[in-house]
Each structure stands twice: as C-alpha cells, then as structure tokens.
Amino acid sequence: MQPQTKLPKVGTTIFTVMSQLAAEHGAVNLGQGFPDFSAPQRLIDETARAMAAGHNQYAPMHGVAVLRQAIAAKTAACYGAQVDPESEITVTSGGTEAIFNAIHAVVRPGEEVIVLDPAYDCYVPAIDMAGARSVHVALDPVDFSVPWDKVRAVVTPATRMIIVNTPNNPSGAVFGAADVAALTDLLEGTGIYLLSDEVYEHIIYDGVRHESALRHPALRQRAFVVSSFGKTYHCTGWKIGYCVAPPALTAEFRKVHQYNTFTTFAPAQHGFAAMINDQPQHHLELGAFYQAKRDAFAAKLAQTRFKVLPVPGGYFQLVDYSAISDLDDMAFCRWLTIEKGVTAIPLSPFYSQPPAGQRLVRLCFAKNDATVDAAMQRLRAL
C-alpha cells in the first residue's frame with residue numbers, strides 16, 4: 001500500500017543529507033552541530049558507575065529524583081527561579097522530544113503557532129502533526145533581531161503558541177532586555193503559550209546575560225522552557241534534555257511524554273546529576289570555553305574570502321560567501337563539499353521563505369584544533 005503522507009513538506013533533514021555527503025567525499029564536516037571532542041571524563045565515569053550499581057531499568061517517567069533536584073538547584077542558582085522538581089521538571093530524550101511534547105500538550109488542530117525564521121527544523125513538523133498551522137515571521141536579515149511589530153501583526157484569536165530560541169540556531173542571536181519586554185507585552189492578557197528553546201543557554205559570549213524565560217515571572221507562568229544536556233556536556237548522541245514548566249503545563253506535557261518515550265536512559269541521568277552537583281564550573285565556564293574557540297575560528301576565517309558575521313551565542317559561525325560564488329546556498333554547500341572538501345549547512349532550510357539573494361552558510365566551531373586547521377587549509381585555497 002502507498003500511504004498518503006501526513007508530512008508532505010518533510011524530507012530527510014539537511015543535517016543528515018550534508019553529513020552523508022561529507023562522508024561520501026571525505027570532506028571535513030563543519031556542518032552538523034556536534035563536538036568532535038570527548039564528554040567530560042567525570043560524566044563518563046559517573047554514568048558507568050551508575051550502570052555498575054544497577055541503574056539499568058526504567059527510570060521514573062519524569063526523571064530520576066536526584067537529577068530533577070539538581071536541575072532545580074541549578075535553575076535557582078543561574079536564574080533565581082524556584083522550581084519544584086516533582087511538579088515542574090521533566091527529563092526527556094533530548095530537547096527535540098521536549099519541543100514535540102510541549103507543542104502537542106497544548107496546541108489543537110486549527111490553531112496557530114508563531115515561528116521566528118530562521119528556525120530549527122523540528123518545530124514545523126511537530127506543529128503540522130498537531131493539525132495546527134505555523135505562522136512565520138522572519139528575523140532581520142542583517143542582525144537577526146526580532147521585528148516585534150511584525151510579530152504582533154500576525155497574532156490572531158487562533159494563536160496558541162509562540163516559539164522563541166535564544167541563543168538562536170543557526171544565527172547565534174540572543175535576546176536582550178528589550179526583547180524580554182516586547183515579548184512580555186505581546187503575551188500579556190492573552191491565552192498564548194510560550195515555548196522557549198534554550199538548549200544553548202550556557203554558550204553566550206562577551207559577558208552578556210542569558211535571558212531565560214525562567215528569570216521573568218510573567219513569562220514563566222505560561223512557558224515551557226527546554227534545555228539540553230547534550231549541548232552543555234559535549235554528548236549530543238546521548239539525547240537527554242529536560243523541560244521546566246508550571247505544574248498545570250507540566251501535567252499536560254507529561255501526558256504526551258509518557259506515551260512518546262515514557263522514560264530516558266537511566267544511567268546517564270545519574271551522571272548528569274553528579275556533574276551539576278559536583279562540577280558546576282563546567283556549565284558556568286562553558287561560555288568562556290567556547291568563546292576562545294569562536295575567536296580563534298573567526299581569526300582563521302579572516303584569512304579566507306568569507307565574510308564573518310557576529311556570533312553572540314551558540315557554537316555556529318555564519319559566513320557570507322558572496323565574494324566566492326553566486327550559487328544559491330544549497331548548490332554552494334554541495335560544491336564546497338564535493339569539490340573543495342569542507343561541509344557547511346545552507347541557511348535556506350531554516351526558513352519558510354528564505355530572503356532573496358541571501359548568501360549565508362553555517363559552520364560549526366565545536367571542533368578540535370586539528371579539525372579546524374584541516375578545514376581552514378582547504379578554505380584558504382578558495
């Protein structure tokens with residue numbers, strides 16, 4: 001039988017496509033966003049210790065208690081928010097699962113969800129599967145700031161949720177106090193929920209404060225706040241994240257979670273709890289760690305024909321390639337991989353309607369020096 005697809009707009013993700021192309025052609029992969037250095041040894045040891053201690057069966061549906069308690073303590077220390085580990089924190093199988101759960105917990109068929117482009121690619125399929133409609137507003141094409149007047153203009157009685165992502169993937173743009181004020185004003189007196197994707201919360205640069213929705217009571221009361229241990233601890237393949245939300249929202253979130261994945265890899269939950277409790281300097285110093293990588297990466301790119309854009313947060317560098325080629329970004333990334341041996345990610349898949357003439361691609365600098373140097377040797381020859 002040939003099924004009628006439920007997701008006619010969905011194909012294989014650009015990250016899979018480009019990583020497969022990189023493997024086929026022996027290219028240096030600066031595309032997909034994963035570190036090529038190890039997770040902290042303490043995390044690996046504590047996870048192995050949990051296995052040896054017998055923590056190998058189903059964890060509690062909402063996460064092991066010691067991890068939820070550690071997340072609550074970290075949330076209080078970082079953002080001044082007091083959250084209940086029993087009724088407001090749910091451990092998930094990655095940030096992507098948490099995003100899916102949040103959308104399906106409160107968004108109904110026929111309703112609308114505002115998405116700010118460029119946006120991570122898991123948002124829209126989850127909205128579509130909920131029977132809802134994504135309403136897209138493009139960020140400023142130069143500095144990727146939010147045009148709040150345009151966001152306000154698309155709010156209708158059918159609007160049920162807005163998704164924000166700070167630091168933003170792919171641009172690295174971060175929210176400031178003015179964004180928080182505008183978002184708070186937009187949502188006041190409405191029945192609109194906030195999904196705040198904060199998976200890069202600890203990777204912010206130049207002394208700027210992360211404006212988590214958890215800092216702001218007016219936002220927190222209507223927010224699902226999503227984070228990811230994979231981004232913080234260099235272990236994206238473990239696929240463990242969490243969601244913080246008020247009790248009533250968490251109750252609905254868990255209804256979806258329990259029939260989606262039900263639970264998440266138990267030994268690693270004990271490992272993350274040990275890291276948060278015993279080595280908080282890891283997440284507290286992560287911004288400085290990646291800022292050094294950002295700066296070194298940008299300095300090396302300055303020796304190429306790429307134009308480097310500012311990177312306020314996250315571990316991706318956007319570059320303008322218009323001095324090298326007039327190919328569209330999809331064709332340019334294929335050419336760069338096949339002919340020149342370096343893989344990047346095009347920006348157009350992050351948009352509903354890409355800006356005309358945009359010549360930007362995304363590079364990942366969460367790499368060791370040898371990987372970066374190998375890529376730069378090839379890029380300098382362009």
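The values are calculated or read from the model by the stated rules, or taken from the named source; none is laboratory data. This is a predicted model, so every value here is computed, not measured. Counting neighbours? That spans all protein chains shown, and the Cβs are built from the backbone with ideal geometry, glycine included.
Quick grid of which residues meet (1) under 16 Å from the mean Cα position of the chain (by Cα); (2) more than 19 Å from A119 (Cα to Cα):
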site	(1), (2)
P167	yes, no
A173	yes, no
G176	no, no
L194	yes, no
Y200	yes, no
G207	no, yes
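Sort through P346, P312, P280, P355 and tell me the only one that's in contact with a Gly (Cβ under 7 Å, 6 or more places away or on another chain) and in contact (Cβ under 8 Å) with a residue 12 or more places away in the chain. I'd like the intermediate steps shown before the answer.
Details: P346 fails: in contact with a Gly (Cβ under 7 Å, 6 or more places away or on another chain); P280 fails: in contact with a Gly (Cβ under 7 Å, 6 or more places away or on another chain); P355 fails: in contact with a Gly (Cβ under 7 Å, 6 or more places away or on another chain).
The conditions single out P312.
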(Q) Just to verify a result, which residue in region 287-301, among those that are surrounded by fewer than 20 Cβ atoms within 10 Å (Cβ to Cβ) and among the aliphatic types (A, V, I, L, M), is farthest from T75 (Cα to Cα)? (A) A299
Q: Spot the failing condition for Q281; the list is (1) loosely packed, with under 15 Cβ neighbours inside 10 Å; (2) in contact with a strand residue (DSSP E or B) (Cβ under 9 Å, 6 or more places away or on another chain), and only one is missed.
A: (2)
Q.
If I filter region 319-335 down to residues being in contact with a Leu (Cβ under 8 Å, 6 or more places away or on another chain) and within 18 Å of V28 (Cβ to Cβ), which single residue comes out as surrounded by the fewest Cβ atoms within 10 Å (Cβ to Cβ)?
A. W335
(Q) Being surrounded by fewer than 12 Cβ atoms within 10 Å (Cβ to Cβ) and among the acidic types (D, E) is the filter here; which residues of region 1-51 pass it? (A) E24
Q: Any chance you could count how many residues in region 27-69 are among the polar types (S, T, N, Q), within 29 Å of R294 (Cβ to Cβ) and assigned to a helix (DSSP H, G or I)?
A: 2
Q: Working only within region 283-309, note down all residues that are part of a loop (DSSP other than H, G, I, E, B), free of Cβ contacts under 8 Å to residues at least 40 places away in the same chain and closer than 20 Å to A381 by Cβ.
A: A302
Q: Being among the hydrophobic types (A, V, I, L, M, F, W, C) and farther than 21 Å from P35 by Cβ is the filter here, so list the residues in region 311-332 that pass it.
A: A323, I324, L327, M330, A331, F332
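Conditions tested, residue by residue: (1) buried (at least 19 other Cβ atoms within 10 Å of the Cβ); (2) assigned by TED's automatic domain parsing to the domain that holds Q358; (3) within 30 Å of S352 (Cβ to Cβ); (4) out of contact with any Pro (no Cβ under 8 Å at 6 or more places or on another chain).
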| position | (1), (2), (3), (4) |
| --- | --- |
| H62 | yes, no, no, yes |
| P85 | yes, no, no, yes |
| N101 | yes, no, yes, yes |
| R108 | no, no, yes, yes |
| I114 | yes, no, yes, yes |
Q | Sole exception among (1) without any contact (Cβ under 8 Å) to a residue 40 or more places away in the chain; (2) not assigned by TED's automatic domain parsing to the domain that holds V106 for Y259, by number | A | (2)
(Q) Here's a check for you: in region 147-206, which residue that is touching a residue at least 40 places away in the same chain (Cβ under 8 Å) and farther than 30 Å from I240 by Cβ is surrounded by the most Cβ atoms within 10 Å (Cβ to Cβ)? (A) T159
